[in-house]
Amino acid sequence: MKHSPTEGIAGFKNTTSSKSRLRSATSRRKYGIADDAFLPRMIEQCKDDEERGLVYILYFSGMHGSVLTALSIENLKREGMNHYYLVWKRTKTKAYMEAPVPNDKVPIIESFLSGRKKSLQWYNVLLHRIGERAGYDAVSTMTFRHTRCINLIKDGIPLPSVAQLMGCTEEVVMRNYGKYSELQKREMQKCE
């Protein structure tokens, strides 16, 4: 069963058509996956630590694919005894970005960062294949970026802070994710 990009958010309908499912493996996904089972499903379908490392890095950071191809083991920083971060420079804005990495995922991410680098197209084809095995259509590096933004909003992070964490402008975040923020507010009001 294929899962829609907005599954898990009330008020959204599945608009995935058979035509959109025919997009190539390297096409960009407009929306993230709002399904809480996205990461576990993707990890379950990974065949080795290289694939798991790729999925974890993208899920925890939401970085652009162009940055991914330039990462090395030096991008994994340790702070104190038990805190690890991925640190990178965003290509477009030259801003330094960071994302915390859970301690239990560090060995897998280290393994990925120590391996041979591949092209963005190669990573997108690999993600597309993992996504298909997990039941998702057209997963790419951008799918993870959009998913990261949606998850930050679901966690109650204000849109200006989401923009800062993702290294983009508030205008871009509002245009792409404002609808999720409004739905999240409505869901919170229902629970009160």
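Please treat every number below as a calculation from the coordinates, not as lab data. Being a predicted model, the structure only gives us computed values, none of them experimental. Glycine also receives a Cβ, built like all others from the backbone with ideal geometry; neighbour counts cover every protein chain displayed.
Rounded if a/c is under 1.5, else prolate if a/b beats b/c, else oblate: with a ≥ b ≥ c from the C-alpha gyration tensor eigenvalues square-rooted, which is region 70-131? Mind dumping the intermediate values first?
Numbers: a/c = 2.07, a/b = 1.32, b/c = 1.57.
Cα axes put region 70-131 in the oblate bin.
As an exercise, identify the trypsin sites (Lys or Arg not before Pro) in region 35-116 lying in DSSP coil whose Cβ has no more than 11 other Cβ atoms within 10 Å. Kindly include the intermediate steps, with their values, before the conclusion.
Values: sites: Arg41, Lys47, Arg52, Lys77, Arg78, Lys89, Arg90, Lys92, Lys94, Lys105, Arg116; in loops: Lys47, Arg90, Lys92, Lys94, Arg116.
Taking region 35-116 and a limit of 11 other Cβ atoms within 10 Å, the loop trypsin sites (Lys or Arg not before Pro) found are Lys47, Lys92, Lys94, Arg116.
So, in nm, how far is label Ser161 from label Arg175 when the simple model puts each one 7 Å beyond its Cα toward the Cβ?
Those two pseudo-labels are separated by 2.5 nm.
With the Cα gyration tensor of region 28-191 giving a ≥ b ≥ c as the square roots of its eigenvalues, does the rule (a/c under 1.5 for rounded; else a/b larger than b/c for prolate; else oblate) give rounded, prolate or oblate?
prolate
Using a cut-off of 18 Å between alpha-carbon atoms, which aspartates and glutamates can reach Lys118, once sequence neighbours fewer than 8 places away in the same chain are excluded?
Lys118 reaches Asp48, Asp49, Glu50, Glu51, Glu74, Glu110.
If each residue of separation counts as 0.36 nm, what is the full-extension length gain between Ala70 and Val125 once their alpha-carbon separation is subtracted? Please report the intermediate quantities before stating the final value.
Numbers: separation 55, 0.36 × 55 = 19.80 nm, distance 1.76 nm.
The Ala70-Val125 span can extend by a further 18.0 nm.
Length gain on complete extension for the stretch Glu110 to Glu182, per 0.36 nm per residue less the alpha carbon to alpha carbon distance?
Computed gain between Glu110 and Glu182 is 22.2 nm.
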